[in-house]
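The values are calculated or read from the model by the stated rules, or taken from the named source; none is laboratory data. Being a predicted model, the structure only gives us computed values, none of them experimental. Every residue, glycine among them, receives a Cβ derived from its backbone with ideal geometry; neighbour counts consider all protein chains shown.
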Amino acid sequence: MKTATLTLACLLVLANFARAQPDSAGPAEAKPLPTVDYVLQHVVARAVNQEDKNDNLFDMNYQYIRTRTWEYRNSAGELKSREEKRSVENKALRMAANSSGHPSAPPATPPPAVKDEPVSDTHSNIRGKALKVKDYSIPNLIKRFQFKVVAREMLNGRPSIVADFVPLNDHLPVNQFADKFINKAAGRIWVDEGDYAIAQAQLHLTQQVNVLGGLVGAIWKFNYDFTRVRTPEGYWFARNMDWHLEGREVVINRIVDYHERKLDEQKITTTMVAR
């Protein structure tokens, strides 16, 4: 699942939001909460059987604006560098243009590789690539945590099951760099009760993570969250994704913030593709 798989670097508990809701919330609130096994079984089934198809259908049927922002601050919180990128994403139009032989827009080209440069007060090589968990399956991730269903809440007008999670134990396998983050993550997820899609997640590190034994760097704070929304056809996509990192890169302490948005989504029509 691209989103949890989707998921940065999922990495990361409990923003402890108050679950209090008005007494007039309605009959749905009185329903007994499902068991954690029931919820996880349905989340895994959706991840295995539907999420890849969901992502492809959204990309084929919708055009949207994608914005990304990186902000780098020193340990005092002073902004030292800021980078912004904005693009229009439209998979169907790119495919139609490339197959026609007469593209109406330049074909998509992969972005140039970003080479590491000497770290300074104004330059960082931290871009979040090592934190992504796109190569992890939902079943793989779920095996690493202990979950507890805690509430039912309305999210974007739809009932969601709220579950908290913590690492399963202190001896989880470490096979790659991202495992260090995932194994020390805790958080809260909101699971849509109709589709069993993960609609929202908030995560954080529970312990400091050292990079190469702490000689190259260390991360002592990392918060990550994303929110997904549902199109009228039932396609889920990540509306917002944000992470906040505080740590040391080589000898320089820094704070890094990343924000990603998918905005102004529009349904692609046959006429649009034909153009």
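Considering only residues in segment 247-260 that are modelled with pLDDT under 95 and among the charged types (D, E, K, R), the one that is nearest to Ser87 (Cα to Cα) turns out to be Arg254. When the residues of segment 168-197 are narrowed to those that are assigned to a helix (DSSP H, G or I) and among the charged types (D, E, K, R), which ends up surrounded by the most Cβ atoms within 10 Å (Cβ to Cβ)? The residue in question is Lys180. Taking every residue in segment 38-55 that is among the hydrophobic types (A, V, I, L, M, F, W, C) and pairing it with any residue that is modelled with pLDDT of 95 or more, at least 6 positions away or on another chain, the pairs with Cβ-Cβ distances below 7 Å are Val39/Val149; Val39/Ile161; Val39/Ala163; Val39/Val191; Leu40/Phe147; Val43/Val191; Val43/Tyr196; Val43/Ile198. Restricting attention to segment 136-167, the residues being assigned to a loop (DSSP other than H, G, I, E, B) and either within 18 Å of Glu51 (Cβ to Cβ) or in contact with a Phe, Trp or Tyr (Cβ under 6 Å, 6 or more places away or on another chain) (or both) number 3. For the condition crowded, with 17+ Cβ neighbours inside 10 Å, under 30 Å from Asp37 (Cα atoms) and modelled with pLDDT of 85 or more, what is the one hit in Leu131, Leu155? Sole residue among the options that is crowded, with 17+ Cβ neighbours inside 10 Å, under 30 Å from Asp37 (Cα atoms) and modelled with pLDDT of 85 or more: Leu155.
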